[in-house]
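The values are calculated or read from the model by the stated rules, or taken from the named source; none is laboratory data. Owing to the predicted nature of the structure, the values given are computational and were not obtained by experimental measurement. Neighbour counts run over all protein chains shown; Cβ positions are idealised from the backbone, glycine included.
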Ligand code: SF4
Ligand code: MG
């Protein structure tokens, strides 16, 4: 495998101005992130809301520009692409949103919505586009005649299938799902996740999935990056991250996943309170205000992401000595 998408030192600051006083505050939403996303993998980015994961996804697809750092797609710096090259990039990289229709015209038929990327990128004749829409509907388990209906006639799970069909229309190489199943009932989440997995195999896609909890990505991710206040605090193959987390924050996220009763109960870290204000992140380790293992050093010295095992990076001073409980990985429900 080789990297299809690479980030180096990726940083994004937003300036917010208070309407009355005009005082500007700067939020560093994403801080110095390095990533290599391999072709064909499912890469998950996980963290609480406000941790910068959606901003990171938008930086990776150049929907927004970085304040510092670079993103390389297929060996090219995407901030240096020409207009035509950027349009090709858009074809290759598509988004799935939490609810694909919340921002789209409710008066457009499903067929028009799915076919829209084909019209925008001028792919095929009108007849070919109609045939492609029918085929895409079939691929996501819907019927060609659904093309004439309107989004409100469908359930949340069906709407997300339509969102997936729309994302697939331009035959992308990468699909970025920003909380693609978070708005769905748990019973429907698995169905949508399974469709994504099947389509990934069929089309050789690279998937980047953003989620606020680890449960959603448990059965599909190959690798997981855990983000906290704009930084990656742990990055590891999924099986290893679930079985043997090395960062206390990862362990806390794992503890939120319900485990089938096994008799014995383990003591786990639970997250108290909200994350600190990103405008003024804590000094030292950003997690120290909520970390049950924090020591004096954590309050002043910032831990950097370093490898504690092959392909397993952790940003914690005590990653080698802490013994944190993981969760057992079970068979994927289908
Ligand atoms: Fe906790 Fe310290 Fe590790 Fe940060 S560096 S996660 S505060 S033990
Ligand atoms: Mg978000």
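Annotation note: of 100, 106, the sole residue that is surrounded by 15 or more Cβ atoms within 10 Å (Cβ to Cβ) and either at pLDDT below 95 or touching a strand residue (DSSP E or B) at 6+ places or on another chain (Cβ under 6 Å) (or both) is 100. Only residues that are buried (at least 17 other Cβ atoms within 10 Å of the Cβ) and more than 8 Å from ligand 1 (Cβ to nearest atom) were counted in region 283-321, giving 5.
Does residue 183 meet the test of being over 20 Å from residue 271 (Cα atoms), modelled with pLDDT under 95 and either away from ligand 2 (no atom under 16 Å from the Cβ) or over 16 Å from the mean Cα position of the chain (by Cα) (or both)?
no
For region 33-63, taking the residues that are part of a loop (DSSP other than H, G, I, E, B) and within 11 Å of the chain's Cα centre (by Cα), the one that is nearest to ligand 1 (Cβ to nearest atom) is identified as 47. Here residue 50 meets the list (1) at pLDDT below 90; (2) surrounded by fewer than 15 Cβ atoms within 10 Å (Cβ to Cβ) almost entirely, failing just condition (2). The lone criterion from (1) within 21 Å of the chain's Cα centre (by Cα); (2) touching a residue at least 60 places away in the same chain (Cβ under 8 Å); (3) farther than 27 Å from residue 157 by Cβ left unmet by residue 25 is number (1). When residue 198 is tested against (1) part of a loop (DSSP other than H, G, I, E, B); (2) away from ligand 2 (no atom under 16 Å from the Cβ); (3) free of Cβ contacts under 8 Å to residues at least 60 places away in the same chain, just one condition goes unmet, and that condition is (1).
Looking only at residues in region 207-226 that are surrounded by fewer than 24 Cβ atoms within 10 Å (Cβ to Cβ) and more than 23 Å from residue 99 (Cβ to Cβ), the one that is nearest to ligand 1 (Cβ to nearest atom) is 223. Considering only region 53-72, state which residues are buried (at least 20 other Cβ atoms within 10 Å of the Cβ), in contact with a helix residue (DSSP H, G or I) (Cβ under 8 Å, 6 or more places away or on another chain) and under 21 Å from residue 278 (Cα atoms). 66, the sole residue that qualifies.
In summary, residue 45 fulfils each of the numbered conditions (1) modelled with pLDDT under 95; (2) within 13 Å of ligand 2 (Cβ to nearest atom) with the single exception of condition (1).
Mind checking which residues of region 48-65 are in contact with a strand residue (DSSP E or B) (Cβ under 7 Å, 6 or more places away or on another chain) and away from ligand 2 (no atom under 16 Å from the Cβ)? 62 - this is the single residue of region 48-65 that is in contact with a strand residue (DSSP E or B) (Cβ under 7 Å, 6 or more places away or on another chain) and away from ligand 2 (no atom under 16 Å from the Cβ).
May I ask you to say which residue of 124, 163, 141, 177 is assigned to a helix (DSSP H, G or I) and either surrounded by fewer than 22 Cβ atoms within 10 Å (Cβ to Cβ) or on the phi < 0 side of the Ramachandran plot (or both)?
That would be 163, the only listed residue that is assigned to a helix (DSSP H, G or I) and either surrounded by fewer than 22 Cβ atoms within 10 Å (Cβ to Cβ) or on the phi < 0 side of the Ramachandran plot (or both).
From the list 119, 87, 107, the lone residue that is over 30 Å from residue 256 (Cα atoms), more than 23 Å from the chain's Cα centre (by Cα), assigned to a helix (DSSP H, G or I) and more than 16 Å from ligand 2 (Cβ to nearest atom) is 119.
Just for region 32-47: of the residues that are touching a helix residue (DSSP H, G or I) at 6+ places or on another chain (Cβ under 9 Å) and under 20 Å from residue 13 (Cβ atoms), which one is surrounded by the fewest Cβ atoms within 10 Å (Cβ to Cβ)? It comes out as 35.
Close contacts from region 63-86, counting a first residue that is modelled with pLDDT under 90 and a second that is loosely packed, with under 12 Cβ neighbours inside 10 Å and not in a strand (DSSP E or B), with Cβ to Cβ under 9 Å and a gap of 6+ residues or different chains, come to 79/65.
The rows are residues; the columns are (1) out of contact with any strand residue (DSSP E or B) (no Cβ under 6 Å at 6 or more places or on another chain); (2) without any contact (Cβ under 8 Å) to a residue 40 or more places away in the chain.
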position	(1), (2)
143	yes, yes
152	yes, no
171	yes, no
174	no, no
186	yes, yes
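Residues of region 87-97 that are touching a strand residue (DSSP E or B) at 6+ places or on another chain (Cβ under 9 Å) and modelled with pLDDT under 90: 97 alone.
Can we say residue 113 is part of a helix (DSSP H, G or I) and either surrounded by 20 or more Cβ atoms within 10 Å (Cβ to Cβ) or at pLDDT below 95 (or both)? In short, yes.
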